[in-house]
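J.: Next up is a structure, given as structure tokens.
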Amino acid sequence: MKVMLVVTHLLGTGHLSRTLTLGRAFVGAGHEVMVVSGGMPAPQLDSTGLTLFGLPPLRSDGTNFTRLLGEDGKEADETYRNARTVALVKAVRAFQPDVLITELFPFGRRVLADEFEAALTAARTLPHPPVILSSIRDILAPPSKPSKAERADEIIDAYYDGVLVHADARITPLTVSWPVSERLAGSLHYTGFVAPAAPQPHPDGVGEGEILVSAGGGSVGQPIFRAAIEAVRKMPKRRWRLLVGGRDAKARISELSQLAEGAPVVIEPVRPDFRQMLPHAAASVSMCGYNTAMDLLQSGTPAVMVPFDDGSEVEQSLRGQSLSALSAMEVLPSKDLDATRLSETLERVISDVPRSTQGFGFDGAQRSVEIVQRLWDARR
């Protein structure tokens, strides 16, 4: 099969990371894969075996997802947005996929509806129209009004052959965060969780006994890093490592290094071997995005989760609440984040009963391939 996955990450890199994991699973099964990315470049992510095609990139203005900025930091105008649509439609027509998968849309990325619908229309008018699927994580941002859920249903009915839900229905059914109508329910295919292979301990022991602090690939995690630096001074016998991502990582590392002067902490850019460091670590401090949650469940590392909850964001809080029922995992709401609360919570998770890494299904990427193959075979 020729498989095209279309994704635009606007704040962090989680959406793109999960899509690349899915794409690599299709490559591993012998399929040709093109990932069309409409977010800012993220060269640190693994795109092995994939054709990665970049649209003129966009990012959100912080947590304002209705105001989109171009690579120059200025608001993307109509000409810029039209160029994205033209490039996306051309990619669909040139690649002529057997399968087209849109990440999050139509359950999110409504601000980009015009370009997604143009691509879907182009796909439906190909000589051999593809199987069209949506790919969504375990928990969505709940619709602010019923009309948004109704519109998603309409788009699914008009264009899609199904929805891949990357979750276990026994743990987080889509109804936790989205009003699933009777007609939508019939389109859902639960795949299990999508994650790379479980991280193997770092061969050089990097991260051994450290408290690892990470906040994804965006800039919204700076309060976590600042609180961590203050907590370092309350836990001086622990070794700390702060991993800073994002386009402005260099400037933020400089700022944090000044705050941390004299403290036992390493501050450096995000590392490709981060997942291998986790099994060695004394604890992790992070947000609670989908990919981060998978890393923590697979590694068993004691964890303090500070869910991203700016604006009306509830996805990470909902996920954190479900995970906090497990041993050695606690949620620290951002409104309560300070050095004292962070150090106290860290001491608790470190001393808690170790958490088993068994019993969770992380083969969602492979199962997605099987589901898609079955749908495509039925089409032929």
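J.: What tally of residues in the stretch 251-286 results from selecting those that are of a type in the set (A, V, I, L, M) and either part of a helix (DSSP H, G or I) or open to solvent by 70 Å² or more (accessible area, probe 1.4 Å) (or both)? Working first, answer last.
T.: Restricting attention to the stretch 251-286, the residues satisfying the condition of being of a type in the set (A, V, I, L, M) are 251, 253, 256, 259-260, 263, 265-267, 270, 277-278, 281-283, 285.
Remaining after also requiring either part of a helix (DSSP H, G or I) or open to solvent by 70 Å² or more (accessible area, probe 1.4 Å) (or both): 251, 253, 256, 259, 277-278.
Matching residues across the stretch 251-286 total 6.
J.: Now a separate question. Looking only at the stretch 68-89, which residues are surrounded by 13 or more Cβ atoms within 10 Å (Cβ to Cβ) and either without any contact (Cβ under 8 Å) to a residue 40 or more places away in the chain or part of a loop (DSSP other than H, G, I, E, B) (or both)?
T.: Restricting attention to the stretch 68-89, the residues satisfying the condition of being surrounded by 13 or more Cβ atoms within 10 Å (Cβ to Cβ) are 68-71, 76, 80-89.
Within the stretch 68-89, Leu69, Gly70, Glu71, Ala76, Tyr80, Arg81, Asn82, Ala83, Thr85, Val86, Ala87, Val89 meet the criteria.
J.: Please specify each residue of the stretch 4-51 satisfying the condition of being touching a residue at least 24 places away in the same chain (Cβ under 8 Å), in a strand (DSSP E or B) and of a type outside the set (Asp, Glu).
T.: Those that are touching a residue at least 24 places away in the same chain (Cβ under 8 Å), in a strand (DSSP E or B) and of a type outside the set (Asp, Glu): Met4, Leu5, Val6, Val7, Val33, Met34, Val35, Val36, Ser37, Gly38, Gly39.
J.: Could you tell me which residue of the stretch 211-238 is farthest from Pro272 (Cα to Cα), considering only residues that are free of Cβ contacts under 8 Å to residues at least 40 places away in the same chain and among the basic types (Lys, Arg)?
T.: Among residues in the stretch 211-238 that are free of Cβ contacts under 8 Å to residues at least 40 places away in the same chain and among the basic types (Lys, Arg), the one farthest from Pro272 (Cα to Cα) is Lys237.
J.: Please tell me if Met40 is among the aliphatic types (A, V, I, L, M) and either closer than 30 Å to Asp377 by Cβ or touching a helix residue (DSSP H, G or I) at 6+ places or on another chain (Cβ under 8 Å) (or both). Give the steps one after another, and end with the answer.
T.: On the way: among the aliphatic types (A, V, I, L, M): yes; either closer than 30 Å to Asp377 by Cβ or touching a helix residue (DSSP H, G or I) at 6+ places or on another chain (Cβ under 8 Å) (or both): no.
Here the answer is no, as Met40 does not meet what is asked.
J.: Looking at Leu52, Leu88, Leu100, can you tell me which residue is at pLDDT 95 or above and closer than 21 Å to Gly245 by Cβ? If you could, list the steps in order and put the result at the bottom.
T.: On the way: Leu88 fails: closer than 21 Å to Gly245 by Cβ; Leu100 fails: closer than 21 Å to Gly245 by Cβ.
None of the other options fit; the residue is Leu52.
J.: Of the conditions (1) surrounded by 23 or more Cβ atoms within 10 Å (Cβ to Cβ); (2) modelled with pLDDT under 95; (3) touching a helix residue (DSSP H, G or I) at 6+ places or on another chain (Cβ under 6 Å), Pro143 satisfies every one except a single condition; which number is it?
T.: Unmet condition: (1).
J.: Can you work out which of the residues in the stretch 174-187 that are open to solvent by 30 Å² or more (accessible area, probe 1.4 Å) and at pLDDT 90 or above is nearest to Thr301 (Cα to Cα)?
T.: Pass one, the stretch 174-187, residues open to solvent by 30 Å² or more (accessible area, probe 1.4 Å): 175-176, 179-183, 185-186.
If we keep only those that are at pLDDT 90 or above too, we end up with 175, 179-183, 185-186.
Numbers: Thr175: 29, Pro179: 33, Val180: 34, Ser181: 38, Glu182: 39, Arg183: 40, Ala185: 35, Gly186: 37 Å.
Out of the qualifying residues, it is Thr175.
The values are calculated or read from the model by the stated rules, or taken from the named source; none is laboratory data. Since the model is a prediction, treat every value here as computed from it, not as a measurement. Here the Cβ is made from the backbone with ideal geometry for all residues, glycine too, and neighbour counts use every protein chain on show. Just so you know, the surface numbers come from the protein's heavy atoms only, side chains and all, with ligands and any DNA or RNA stripped out. Shrake-Rupley method; radii C 1.70, N 1.55, O 1.52, S 1.80 Å.
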